[in-house]
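Here is the structure we will look at, set down as structure tokens.
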Amino acid sequence: MVLVDQGMSAWWPQAADSRDQVPMLRRVPVSRKRKKKPGKSGRPLKPARMGQRGSAAVLSDHDRGELAEAMRGLTAYREQVHAGRRSRAAAAATDLVTDLVTVVANQPDMIVEDALCLRVGALLSEAEQAPLDDRPGPSHLAPALVTAAAAAVEATTGDAWRAPWRVLTAVSDILPYPHSEAAADTIMRLRDTMGKQVLPAAPPGPTVTGPVLWTRDRYGSRFAVTAPITTADQPERWYLWDIDACGHQAFTVHSGYYPTPEAALTDWQTGVGQTAAAGTELAPIDDPWLLTELLPAEEGLLGAGGENEEQFVEYHRSKRLTEAVKQTLRQQQTRPERGLDAATAAAKFTTWLRAHGSRQRELPDDLDELATELADSWCLNDIDAVFATCSPHRVALFVRHVHGYYLDDFAKQLVALLPDWTRWLATRNTTPPELAERCLPYAEGQPHPQITVDNTGPDYLARVTE
């Protein structure tokens with residue numbers, strides 16, 4: 001991690017294992033250097049040292065003691081906050097399970113699962129309104145649900161176990177690893193203690209029952225992935241992941257079940273916008289490597305953060321179903337050629353710009369260095385297959401990143417190259433002119449109307465209509 005010259009308080013989170021604080025470090029990636037001055041070597045700026053002897057920091061015994069005491073205090077505080085969140089998650093999970101057992105006791109398993117997800121979404125969304133230190137997140141709620149559902153089963157007599165057992169198996173079906181493994185272990189323990197003649201075997205969990213399909217928008221950076229899913233003996237439904245690869249990682253901005261793949265595609269096209277989604281059709285997966293990079297995965301405390309209630313509803317289930325999809329994919333033995341990386345892009349762009357841009361204006365003397373930095377920052381998600389894509393949303397996010405990441409003078413130099421960069425990408429990708437032209441206003445600094453920004457940065461989970 002590179003420390004910039006804002007002092008320790010600029011990056012040290014108040015609760016370092018908070019799901020809401022740690023992601024802030026990921027929202028503004030700091031893996032690369034800031035530039036001290038335009039055209040210079042760009043070594044990272046470092047915080048002022050408390051004492052110096054040559055190039056090494058020197059601390060007195062008193063300072064070391066104070067620092068150690070501060071670290072112990074921080075560790076104790078973190079444990080206190082984490083314990084409080086676990087306690088609140090446990091209480092909320094108990095109330096949720098109790099309510100669900102009563103409401104859906106005689107409903108089909110599919111209804112139980114959907115009702116569980118809806119209640120989880122509402123609970124997590126409500127928790128977001130609480131003070132930061134009191135806010136349990138998805139990683140706190142998941143194990144609490146397993147514990148609460150198991151306790152509800154154990155507390156029954158006679159045949160009353162059936163309703164809480166169905167809630168427990170629904171919990172097991174929506175949770176991704178490692179929570180799904182904990183749920184399976186809990187079910188096994190209950191069957192051992194209560195008797196396998198009493199409790200039935202757990203259902204097999206969600207299964208992909210047909211080909212996984214996908215498509216991408218005309219800009220190439222927004223994806224629809226859909227798969228037919230069956231859980232136990234329930235009817236087949238198609239699950240959709242709407243994935244936006246414009247940010248510093250691929251974000252699932254919408255997900256959920258649909259009755260048919262056509263219904264899933266129609267909703268995705270509406271979300272993307274007809275300009276960008278025109279003519280798109282679903283087709284079988286032809287690049288499982290890329291699909292694996294795009295689909296969401298459980299990240300624990302390092303989750304993206306900032307989900308709305310709809311996204312919280314599918315927070316766990318979308319990741320569990322991702323695991324089911326990945327199990328069906330046959331990885332190709334040889335990874336497909338990606339076609340472009342940062343170093344190649346920088347070289348090709350400068351060659352193109354010197355042949356075309358120099359006719360309109362004088363190019364900067366340090367063009368090679370600027371182009372290298374621009375290309376290096378263009379694809380922060382490290383998904384090579386989307387490196388060359390260019391959309392209005394991606395350009396607008398890139399401008400915000402550049403101004404937030406580099407010192408002002410150097411940032412302005414990079415942004416000044418951005419209109420030429422978008423033209424070069426459009427030429428290289430044979431992007432239709434009507435699409436390429438829509439990128440230019442944002443390359444010239446116009447704010448994107450659908451990018452909202454708070455104190456942690458842009459909302460990467462927004463479902464942007466291009």
Gain upon complete extension [residue 444, residue 326; 0.36 nm per residue less C-alpha separation]: 38.5 nm
Amide H within-cut-off set for residue 254, under 5 Å, with H built and near neighbours excluded: 242
In order through the stretch 394-406: 3J(HN,Hα) via Karplus (6.51 cos²θ - 1.76 cosθ + 1.60), integer Hz, x for Gly, Pro: 5, 4, 5, 5, 5, 4, 5, 4, 4, 5, x, 10, 9
Distance between modelled label sites at residue 278 and residue 209, nm, 7 Å Cα→Cβ extension: 3.8
In order through the stretch 422-431: 3J(HN,Hα) via Karplus (6.51 cos²θ - 1.76 cosθ + 1.60), integer Hz, x for Gly, Pro: 5, 5, 5, 4, 5, 5, 5, 8, 6, 5
Summed side-chain charge close to residue 274 - residues other than residue 274 whose Cβ falls under 12 Å, Lys, Arg +1, Asp, Glu -1: -1
Spin-label model distance (nm) - residue 429 vs residue 66, 7 Å beyond Cα toward Cβ: 5.3
By average C-beta atoms within 10 angstrom, highest first, the peptides 393-399, 132-138: 393-399, 132-138
Hz values of 3J(HN,Hα) by residue in the stretch 261-271 - Karplus curve (6.51, -1.76, 1.60), Gly and Pro given as x: x, 5, 5, 5, 4, 4, 5, 4, 4, 5, x
Förster radius 30 Å - calculated FRET efficiency between residue 376 and residue 335, Cβ distance, rounded to 0.05: 0.90
Trypsin sites (Lys or Arg not before Pro) within the stretch 352-391: DSSP coil, no more than 14 neighbouring Cβ in 10 Å: 361
Amide H partners (placed H, <5 Å) of residue 239, local residues excluded: 227, 229, 258
Virtual spin-label span in nm between residue 128 and residue 182, 7 Å along Cα→Cβ: 2.3
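Since every read-out is calculated from the coordinates, none of them should be taken as a lab result. Model, not experiment: these values are computed from the prediction. Cβ sites come from the backbone with ideal geometry, for glycine too, and all protein chains shown count toward neighbours.
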